[in-house]
Amino acid sequence: MRKNEPAPQSAGNPADKNFVASLQKGLEVLTCFGRQHARLTVSEVARLTHGSPASARRSLLTLRTLGYLDGDGKRFWMLPKALLVAHAYLASRAAPSLAQPLLDALSERTRESASLGKLLEDDVIIIARSTARRSLSTGLGIGSRLPAYCSALGRVLLASLSPDEAERRVRTMPRRVLTARTVHEADEVLALVVRCREEGYAGSDGELELGVRSMAVPVYDRTGATVAAMSIAVRAERMEMAEFREAFLPALRRARNTLAGRLSPE
């Protein structure tokens, strides 16, 4: 697998005079909502964002005034205007729009779900996805996050980092046991990352959800740098992991190669 050094971190530095801490807090509040946190109180938002209730309340009320949230005096929830933030990314970046027809074709040909993801802190965020008729119970969609240590997408993207950076990330990230099959010990995860670096693909067998197998490959731009990962998932009862790999890895790599030929450096 071709390697790609990690991009410089862009985490906010409060000591920087150009850093707007209130904007950071507002964005953290906006992105703490989700499937399991659809309606939140001020105290719940403060806990999820690791901030004070007073700060959470100011951000919530500001976002409500701007039309991104609504509330009933106790709980707050998202409004459609929040989609403008996601749409701005999807409309302005080439990878999602170029990948979507390829994911659709791959999903139609295999009758399975296919995704494109990028590394985001300790997770992978899905930036394009095509869902097959055999839908998975994980309910993934664009914007969903998967833990990097136990997902096929995540292991591919960790393998694209330098060995030192990959080890640093794995050892410092939270690694919860999600199922009885989840590989979570740091040394075991790192061994799978090394294997992915050598073989050019990664798998995850029931680690995120029992009964679901997934496989991923790196996506390169025209310079050979890894810019994303592409995956396909299958229900365990349909085929064993070895059969899954033999049946779908060539098609996954063909879709990846087609996308790579269209991607300019970011």
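Observations, loosely collected:
- Within the range 25-69, the residues that satisfy the criterion of being among the basic types (Lys, Arg) and under 22 Å from Ser144 (Cα atoms) are Lys25, Arg35, Arg39, Arg47.
- Residue ID - farthest from the chain's Cα centre (by Cα), chosen from residues in the range 81-124 that are closer than 27 Å to Met239 by Cα and among the hydrophobic types (A, V, I, L, M, F, W, C): Ala105
- Residue in the range 213-233 that is in a helix (DSSP H, G or I) and out of contact with any Leu (no Cβ under 6 Å at 6 or more places or on another chain) present: no
- Annotation note: of Val124, Val85, Val45, the sole residue that is of a type in the set (Val, Ile, Thr) and not in a helix (DSSP H, G or I) is Val124.
Conditions tested, residue by residue: (1) outside any strand (DSSP E or B); (2) surrounded by fewer than 16 Cβ atoms within 10 Å (Cβ to Cβ); (3) in contact with a Phe, Trp or Tyr (Cβ under 8 Å, 6 or more places away or on another chain).
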{"site": "Gly117", "(1), (2), (3)": "no, no, no"}
{"site": "Gly141", "(1), (2), (3)": "yes, yes, no"}
{"site": "Leu146", "(1), (2), (3)": "no, no, no"}
{"site": "Leu157", "(1), (2), (3)": "yes, no, no"}
{"site": "Arg168", "(1), (2), (3)": "yes, yes, no"}
{"site": "Pro174", "(1), (2), (3)": "yes, yes, no"}
{"site": "Glu198", "(1), (2), (3)": "yes, yes, no"}
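- Complete set of residues in the range 228-266 that are among the basic types (Lys, Arg), at pLDDT below 95 and out of contact with any strand residue (DSSP E or B) (no Cβ under 8 Å at 6 or more places or on another chain): Arg238, Arg262
- Complete set of residues in the range 130-160 that are modelled with pLDDT under 95 and under 13 Å from Ile232 (Cβ atoms): Ser130, Thr131, Ala132, Arg134, Leu136, Leu140
- Contacts under 8 angstrom Cβ, first residue in the range 47-64 being in the same structural domain as Glu28 (by TED's automatic domain parsing), partner at pLDDT below 95 and assigned to a loop (DSSP other than H, G, I, E, B), 6 or more apart: Leu48/Cys32; Thr49/Cys32
- Pairs are defined by a Cβ separation below 7 Å, a sequence spacing of at least 6 or placement on different chains, a first member in the range 91-112 that is closer than 13 Å to Met230 by Cα, and a second member that is among the polar types (S, T, N, Q) and assigned to a helix (DSSP H, G or I); the pairs so defined are Leu102/Thr258.
- Residue list for the range 208-232, restricted to those being touching an Asp or Glu at 6+ places or on another chain (Cβ under 6 Å) and farther than 18 Å from Ala180 by Cα: Val227, Ile232
The values are calculated or read from the model by the stated rules, or taken from the named source; none is laboratory data. Not measured: the values here are computed from a predicted model. Note: ideal-geometry Cβ built from the backbone for every residue, glycine included; neighbour counts use all protein chains shown.
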